[in-house]
Amino acid sequence: MNWRRYANSVFVLKVLGVYGALVTCAVTLPASGNRRQRAVLGMAWGLILLWIVVGGILTRVYRRRTRDLVLPVRLGWRVFCAGVKNLLRLTVDNFPSIAPRTGSFDRTQGRGIRGNDR
């Protein structure tokens, strides 16, 4: 393994991570007073934390175990990728369902973040 190349790629990933965090914070801070934007940004932060941070950690920790479980299956990597895609779809589709718990849905008025949901 070429360690210099590995070190360069780790450095680039760290720079991209810091840049992404700064940009996301820069977008989040001005919108903190607007309820609608706060709801959308809350869902974005949830996806960032869940898929990038938790997903990245789990990928590093369980990479070999997952590979050893998937390789013997005759259906192959496409089925595994379809399962991961379905897990992503399930998560993204259910984020709006938690809007009332985050304060972005007003139950007393019966309106959602668009203002006319009934």
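For this structure, a couple of remarks:
- Pairing residues of segment 60-75 that are modelled with pLDDT under 80 with residues that are surrounded by 11 or more Cβ atoms within 10 Å (Cβ to Cβ), at Cβ distances under 8 Å and at least 6 apart in sequence or on separate chains, gives VAL70/TRP77; VAL70/PHE80; VAL73/VAL79; VAL73/PHE80.
- Flag for ILE52 being surrounded by fewer than 11 Cβ atoms within 10 Å (Cβ to Cβ), β-branched (Val, Ile, Thr) and under 19 Å from the mean Cα position of the chain (by Cα): no
- From the list ASN116, ASN94, the lone residue that is among the polar types (S, T, N, Q), in a helix (DSSP H, G or I), modelled with pLDDT under 75 and on the phi < 0 side of the Ramachandran plot is ASN94.
- Among the residues of segment 55-80, those that are surrounded by fewer than 11 Cβ atoms within 10 Å (Cβ to Cβ) and under 26 Å from LYS14 (Cα atoms) comprise ILE57, THR59, ARG60, VAL61, ARG63, ARG64, ARG65.
- Here is the figure for segment 19-30: residues that are modelled with pLDDT of 85 or more and exposed (fewer than 10 other Cβ atoms within 10 Å of the Cβ) total 1.
- Residue within segment 3-20 that is within 23 Å of ASP93 (Cα to Cα) and either among the hydroxyl-bearing types (Ser, Thr, Tyr) or free of Cβ contacts under 8 Å to residues at least 24 places away in the same chain (or both) present: no
The values are calculated or read from the model by the stated rules, or taken from the named source; none is laboratory data. Small disclaimer: the values here were computed from a predicted structure and weren't measured. Positions of Cβ are generated from backbone atoms using ideal geometry, with glycine treated the same way; all protein chains shown enter the neighbour counts.
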